[in-house]
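Q: My questions all concern the structure below.
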Amino acid sequence: MKSDFLKYQTQTTAHPLAMEVSHANGSYIYDTNNKAYLDFVAGVSATPLGHNHPKVIGAIKEQLDKYLHVMVYGEYIQKPAVELAKLLAKNLPSTLENTYLVNSGTEAIEGALKLAKRATGRSELISAHNAYHGNTMGSMSVMGYEERKQAFRPLLPDIRFITFNNEEDLNLITSKTAGVLLETIQGGAGFIQPENGYLEKVKKRCVEVGALLILDEIQPGIGRTGKLFGFENYNCVPDILVMGKGLGGGMPIGAFTASSKLMSLLQQNPKLGHITTFGGHPVIAAAALATLKEITESNLMPLALEKEQLFRKLLVHPLIKEIRGIGLMLALMMPSETITNEVILKCQDEGLILFWLLFEPKAVRITPPLTISNDEIIKGCGIIIDILNTIDGE
């Protein structure tokens, strides 16, 4: 299987981890030798309820017996999609009431950028250095990391970049700006949180100049920070909210949400201002609805903060220079990229899945399912400490 994987399936790096997966359940993934791997990554924050959660699987199976794709997005009334959008509105501020369902986070970013341009009649978009918002051409245009996008230029024009948490850069947001796009917590850059009311100040500046604030919650959203969405921790409500990853409970989904007034602009001048064939797919919407219900109706969100403290208590070692993040969105900062690589690869050998961040080579990602147990946290952290004890930090 590995040779076929390498021959027939396009790779994104020269050295994929290449674990051959047999099945997955709860906090564990199993390879074809039936070796169990404790999952501290959750598909890069995409499986908040762990693997094969019974409520998600049940919702999928129930919908399978009714209908699959029947019509392009927005024409027919399909109960799973309607109920999902309604439940999102119920759990969001009143100005975030209308949701467009798409297939991925990057597609949701594309829709949000188009909406900001359509609403303001302006072309300039502002993002942050070291930002990551997806990998399609528009999303790549607002990626604040030139090395990853220089081979694909020309990209969208009229893009400017500011430094996250730098208040002086807010003066770059002007009456020419259509939208300011920020990750609520910078993910690829190293799980960097806003400081000193930064997001509030960005929103204030956007209001002053008539620009729209777009917050990317693709990683922090769906309960990972102890709130349903990360912005709830920072006293800032965006004009457009973007989500993805964890919303699907392991199924592919994205969405962007705004006021009904804003979203109605996609209906006219031009008509069909944003189109998707499979967005709001009934099976995926059913899985997302089950996921969202479980997270909002259970105690998983407050428990995420308690589990964070357990991680911080257990992960104390001279080679761990800092633990960044909040809730179950954590990054261990190592002394060097070499040590980061050694930790991740050796932990996989010992049955613990860790992963990298996009732009911060010293970081080790810890984003487990919200359903992970304290015993599983203790077990995994024990493996990390044992591995660190074998590494020469000089």
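Coordinate-derived values only; no laboratory data. All values derive from a computational prediction rather than experimental measurement. Cβ placement follows ideal geometry from the backbone for every residue including glycine, while neighbour counts extend to all protein chains displayed.
Q: Compute the angle between helix 337-349 and the longest alpha-carbon principal axis of the chain, please, reported from 0 to 90 degrees and rounded to the nearest 10.
A: 70 degrees
Q: Another question, then. Taking the dipole about the Cα centre of the range 56-297, with the C-beta of Lys and Arg at +1 and of Asp and Glu at -1, give me whichever of ILE214, THR276, GLY105 is farthest to the positive side.
A: THR276
Q: Something else: List, in order, the whole-Hz ³J(HN,Hα) value for each residue of the range 27-34 obtained from phi through the Karplus relation with A = 6.51, B = -1.76, C = 1.60 and θ = phi - 60°; use x for Gly and Pro.
A: 9, 10, 10, 10, 8, 6, 9, 6
Q: Give the angle, between 0 and 90 degrees and rounded to the nearest 10, that separates the Cα long axis of helix 300-314 from the longest principal axis of the Cα atoms of the chain.
A: Roughly 40 degrees, rounded to the nearest 10.
Q: Right, another one. Would you mind checking which residues have amide H under 5 Å from LEU213's amide H? H placed 1.01 Å from N; only 5 or more apart, or other chain.
A: When sequence neighbours closer than 5 places are left aside, the close amide H contacts are VAL180, ASP239, ILE240.
Q: Once the dipole of the range 297-364 is set up with Lys and Arg at +1 and Asp and Glu at -1 on Cβ about the Cα centre, which of SER298, ILE344, GLY325 lies farthest towards its positive end?
A: GLY325
Q: How much mean residue ellipticity at 222 nm does the chain get from its helices, if each DSSP H run of length 4 or more adds -39500 (n - 2.57) and you divide by all residues, to the nearest 500 deg cm²/dmol?
A: Details: 12 runs with 130 residues, N = 394.
One gets -10000 deg cm²/dmol as the mean residue ellipticity at 222 nm.
Q: Towards the positive end of the charge dipole of the chain, with charges on Cβ (+1 Lys, Arg; -1 Asp, Glu), say which of PHE40, GLY226, ILE29 has the farthest Cα.
A: With unit charges placed on the Cβ atoms, the residue in question is GLY226.
Q: Please give the charge dipole size of the range 97-153, origin at the Cα centre, charges +1 on K and R Cβ atoms and -1 on D and E Cβ atoms. Round to the nearest 20 debye.
A: Working: 7 positive and 6 negative charges, 40 e Å.
My answer is approximately 200 debye.
Q: Hey, another quick one. Rounding to the nearest 10 and keeping the result within 0 to 90°, find how far the Cα-based axis of helix 105-120 lies from the longest principal axis of the chain.
A: That works out to roughly 20 degrees.
Q: While we're here: Pull up the cross-link candidates among the aspartates and glutamates for LYS271, meaning alpha carbon to alpha carbon under 14 Å and not fewer than 8 places away within one chain.
A: Candidates past the 8-residue exclusion: GLU75.
Q: Given the pairs LYS55/LYS313; LYS55/LYS86; LYS35/LYS293, which are separated by over 22 angstrom at their Cα positions?
A: Working: LYS55/LYS313 32 Å; LYS55/LYS86 19 Å; LYS35/LYS293 32 Å.
The answer is LYS55/LYS313; LYS35/LYS293.
Q: What is the dipole size for the range 198-348, taken about its Cα centre, with +1 at each Lys and Arg Cβ and -1 at each Asp and Glu Cβ, in debye to the nearest 20?
A: Numbers: 16 positive and 13 negative charges, 28 e Å.
With only Lys, Arg, Asp and Glu charged at Cβ, the dipole is about 140 debye.
Q: Of all beta bridges DSSP finds with both residues in the range 56-297, what is the antiparallel percent, to the nearest 5? Intermediate results must be reported in sequence, preceding the final value.
A: Working: 9 of 24 bridges.
Roughly 40 percent of the beta bridges in the range 56-297 run antiparallel, per DSSP.
Q: Assuming 0.36 nm per residue, please report the length gained on full extension of the stretch ILE77 to LYS35 beyond their Cα-Cα distance. Before the final figure, lay out each step's value.
A: Working: separation 42, 0.36 × 42 = 15.12 nm, distance 4.44 nm.
Length difference between fully extended and current span is 10.7 nm.
Q: Also, I was wondering about something else. Which pairs in the list LYS307/LYS379; LYS245/LYS307; LYS79/LYS261 are over 19 Å apart, alpha-carbon to alpha-carbon?
A: Details: LYS307/LYS379 13 Å; LYS245/LYS307 21 Å; LYS79/LYS261 23 Å.
With Cα atoms farther than 19 Å apart: LYS245/LYS307; LYS79/LYS261.
Q: A further question on this structure: Once amide H atoms are placed 1.01 Å from N in the peptide plane, what residues at a sequence separation of 5 or more from PHE355, or on another chain, have their amide H within under 5 Å of its amide H?
A: The list, which skips near neighbours in sequence, is ARG365.
Q: Could you give the dipole magnitude of the chain about its Cα centre, charging the beta-carbon of Lys and Arg +1 and that of Asp and Glu -1, in debye to the nearest 20?
A: Values: 37 positive and 41 negative charges, 220 e Å.
Charge dipole, the chain, about its Cα centre: 1060 debye, nearest 20.
Q: Give the long-range amide H neighbours of LEU156: residues separated by 5 or more places, or on another chain, with amide H under 5 Å away, using H modelled in the peptide plane at 1.01 Å from N.
A: SER141
Q: Each residue of the range 321-332 in order: what ³J(HN,Hα) in whole Hz does its phi give by Karplus 6.51 cos²θ - 1.76 cosθ + 1.60, θ = phi - 60°, with x for Gly and Pro?
A: With coefficients 6.51, -1.76 and 1.60, one gets 7, 6, 10, 9, x, 8, x, 9, 10, 10, 9, 8 Hz.
Q: Using θ = phi - 60° and the Karplus relation 6.51 cos²θ - 1.76 cosθ + 1.60, list the HN-Hα couplings for the range 364-369 in order, rounded to whole Hz, with x at every Gly or Pro.
A: Rounded to whole hertz, the list is 10, 6, 10, 9, x, x.
Q: Taking 1 over the mean of 1/r across every pair of different Cα atoms in the chain, what Kirkwood radius in Å do you get?
A: Numbers: mean 1/r = 0.0461 Å⁻¹.
Answer for the chain: a Kirkwood hydrodynamic radius of 21.7 Å.
Q: Over the range 56-297, what relative contact order in percent results from Cα pairs under 8 Å that are six or more residues apart? Walk me through the intermediate numbers first.
A: Working: 472 pairs, mean separation 73.5, N = 242.
Dividing the mean separation by the residue count of the range 56-297 yields 30 percent.
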